[in-house]
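Here's a structure for you.
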Amino acid sequence: MAFYYQEPSHTFSEYLLIPGYTGEDCVPSNVSLRTALTKYRKGVEEPAISLNVPLVSAIMQSVSDDKLAIALAKEGGLSFIYGAQSIESEAAMVARVKNHKAGFVVSASNLTPEHTLADVLELKQKNGFSTVAITEDGTATGKLLGIVTSRDYRVSRMDPAEKVANFMTPLEKLVTAPADTTLKAANDIIWAHKLNSLPIVDAEGKLMYFVFRKDYSSHKANPLELLDSKKRYMVGAGINSRDYKERIPALLEAGADVLCIDSSEGYTCWQEKTIQWVRENYGDTVKIGAGNVVDRDGFMFLAKAGADFVKVGIGGGSICITRETKGIGRGQATALIEVAAARDEYFKSTGIYIPICSDGGIVHDYHMTLALAMGADFLMLGRYFARFDESPSDRVMVNGVYMKEYWGEGSNRARNWQRYDLGGASKLTFEEGVDSYVTYAGPLHDNVEISLYKVKSTMCNVGVTNLQDLRDNARLTLVSSTSIVEGGYHDVTLRSTQNHK
């Protein structure tokens, strides 16, 4: 007969941490969130790749492109560029991250002189940027003809059909700098000429980058930047188990630091074959993660196959309906606890520590701390990052509230059939994800800073200042449904949050 687990599986919301002794040195400023990303011989060597904060972005079209990858690397985390696109397109995104010079920003808003004020306003509403590059072909690297900022137009006094050519600040009135300008020199020019932005152009007059006044202090404020040995931002890339023989070489050529097989379920021969091909062709020089799994057997399978890290979680994502459509999966907390025990068991028998990534199920910031306490080395987040300015999806107004579009890789919109590949036909037979909106939350930096401060503060309440001690010393308790209700505000009437004059 079938095997039945005697205990139900649990989610993060069903647990709480028990406070421990907090000493004088246990303050958020002393907490380190540095963690291993790839396997290593613990106690003998350092991991080939570590994160300065335990956050990576999900391998999703609505989450992880080059723009978000740069923003997250500045904070000390890492993005996995989504693989549900052409090999050339994904490799180009990876290359843009690796070629990005800190402080030098590729223009994200670009139009031609033939566009109109209405186009400017639409672009500003879409991505929130007020500086628009006006180039000959409307691309970020076209010949620079001028720029438009909010100082160049007044919506109340201008016709929306007015052409950009009539109100832009033309090139001859701009201060620009050549391609070999250093960041220090660029900032000196900005301050000397009281500029908000400085276009960097090549010898042919083509736009290369902008250097912004506001980024001067921002760069100094990111001491945890995740950089490779050449001082370039680090970036990961998603792959599938179909075209990996063609995709992986292109991604490595573009500079990808680490790969991850993007799949809803990792306990398969397809993942084993993919990892085996990597080891046969690149040995251990190429780092590759695998998953997803929800139990000891799945972890041990991928560990023995050669995975550098293992992702945990099936069906717990906010846009995932795998459990609903297929009836497979497990509560994220229970899955993570069992896989963490398997990881420790594997380490004791082999001396090799394989980090695990908790993927899905994070609804509130405190769930991050719970996941880390339950054994996760780092967390993969989709909905969380989809809400920010830097995610690739559109910002739209829904019922008077700004939202960001967010869709699952198994949705009809994404049609990422490779992620759900079981060796059959090359199509998405049925949906395993939904198309949705998430509430717009603003810049990545501001939100990540707040979330991680909460994590650090909670760790201090537990009495630890690093993630290893959190995993070793945390005490957790299951809570009843009544306790969950008690944990929020109750038996009160909330006052309006609006200011009263």
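Cβ-Cβ distance below 7 Å, separation of 6 or more or different chains: which pairs start in the range 395-407 with a residue that is over 19 Å from SER64 (Cα atoms) and end on one that is of a type in the set (Phe, Trp, Tyr) and open to solvent by 30 Å² or more (accessible area, probe 1.4 Å)?
VAL398/TYR437; TYR402/TYR440
Taking interchain pairs and intrachain pairs at least six residues apart, which have beta carbon atoms under 8 angstrom, with the first residue in the range 3-14 and surrounded by 10 or more Cβ atoms within 10 Å (Cβ to Cβ) and the second modelled with pLDDT under 90?
Going by the 8 Å Cβ cut-off, the qualifying pairs are THR11/GLY316; SER13/ILE484; GLU14/ILE484.
Step by step: first the residues of the range 37-73, then only those that are charged (D, E, K, R) and surrounded by fewer than 21 Cβ atoms within 10 Å (Cβ to Cβ), then the one that is nearest to the chain's Cα centre (by Cα). Which residue is that?
Ranking the candidates gives GLU46 first.
Do you know which of the residues in the range 74-108 that are of a type in the set (Ser, Thr, Tyr) and within 15 Å of the chain's Cα centre (by Cα) is least open to solvent (accessible area, probe 1.4 Å)?
My answer is SER79.
Now a separate question. Could you please find all residues in the range 152-180 being among the hydroxyl-bearing types (Ser, Thr, Tyr) and either at pLDDT 95 or above or open to solvent by less than 70 Å² (accessible area, probe 1.4 Å) (or both)?
Within the range 152-180, TYR153, THR169, THR176 meet the criteria.
Of the conditions (1) over 25 Å from ILE49 (Cα atoms); (2) touching a Phe, Trp or Tyr at 6+ places or on another chain (Cβ under 7 Å), THR322 satisfies every one except a single condition; which number is it?
(2)
Next up: Among the residues of the range 131-151, is there at least one that is part of a helix (DSSP H, G or I) and open to solvent by less than 40 Å² (accessible area, probe 1.4 Å)?
no
Which is free of Cβ contacts under 8 Å to residues at least 60 places away in the same chain and under 24 Å from LYS214 (Cα atoms), of LEU183, LEU144, LEU171?
LEU171
Take the residues in the range 346-371 that are part of a helix (DSSP H, G or I) and charged (D, E, K, R); name whichever of them is least open to solvent (accessible area, probe 1.4 Å).
Residues of the range 346-371 part of a helix (DSSP H, G or I): 346-350, 365-371.
Of the ones still in play, those that are also charged (D, E, K, R) are 348, 365.
Numbers: LYS348: 177, ASP365: 34 Å².
Ranking the candidates gives ASP365 first.
So, in the range 372-392, of the ones that are in a loop (DSSP other than H, G, I, E, B) and open to solvent by less than 10 Å² (accessible area, probe 1.4 Å), which residue ends up modelled with the lowest pLDDT? Walk me through it before giving the result.
The initial filter retains those residues of the range 372-392 that are in a loop (DSSP other than H, G, I, E, B), namely 374-377, 382, 387, 389-392.
Subset that is open to solvent by less than 10 Å² (accessible area, probe 1.4 Å): 375-377, 391.
On the way: GLY375: 98, ALA376: 98, ASP377: 98, SER391: 94.
Residue satisfying both the conditions and the ranking: SER391.
I'd like to know if the range 319-341 contains one or more residues that are over 21 Å from TYR267 (Cβ atoms), in contact with a helix residue (DSSP H, G or I) (Cβ under 6 Å, 6 or more places away or on another chain) and open to solvent by 30 Å² or more (accessible area, probe 1.4 Å).
Checked against the condition, which is being over 21 Å from TYR267 (Cβ atoms), in contact with a helix residue (DSSP H, G or I) (Cβ under 6 Å, 6 or more places away or on another chain) and open to solvent by 30 Å² or more (accessible area, probe 1.4 Å), the range 319-341 yields no hits at all.
Only residues that are in contact with a Leu (Cβ under 6 Å, 6 or more places away or on another chain) and either open to solvent by 10 Å² or more (accessible area, probe 1.4 Å) or more than 20 Å from ASN52 (Cβ to Cβ) (or both): list them for the range 227-245, please.
Passing the criteria: MET234, ILE239.
Among the listed residues LEU121, LEU183, which satisfies the condition of being modelled with pLDDT under 90 and open to solvent by 20 Å² or more (accessible area, probe 1.4 Å)?
Values: LEU121 fails: modelled with pLDDT under 90.
Every option except LEU183 fails the conditions.
The values are calculated or read from the model by the stated rules, or taken from the named source; none is laboratory data. Predicted model, so just to flag it, every value in this text is computed and none were measured. Quick reminder, even Gly has a Cβ in these numbers, built from the backbone with ideal geometry, and neighbours come from all protein chains shown. All accessible areas refer to the heavy atoms of the entire protein, side chains included, with ligands and DNA or RNA removed. Shrake-Rupley method; radii C 1.70, N 1.55, O 1.52, S 1.80 Å.
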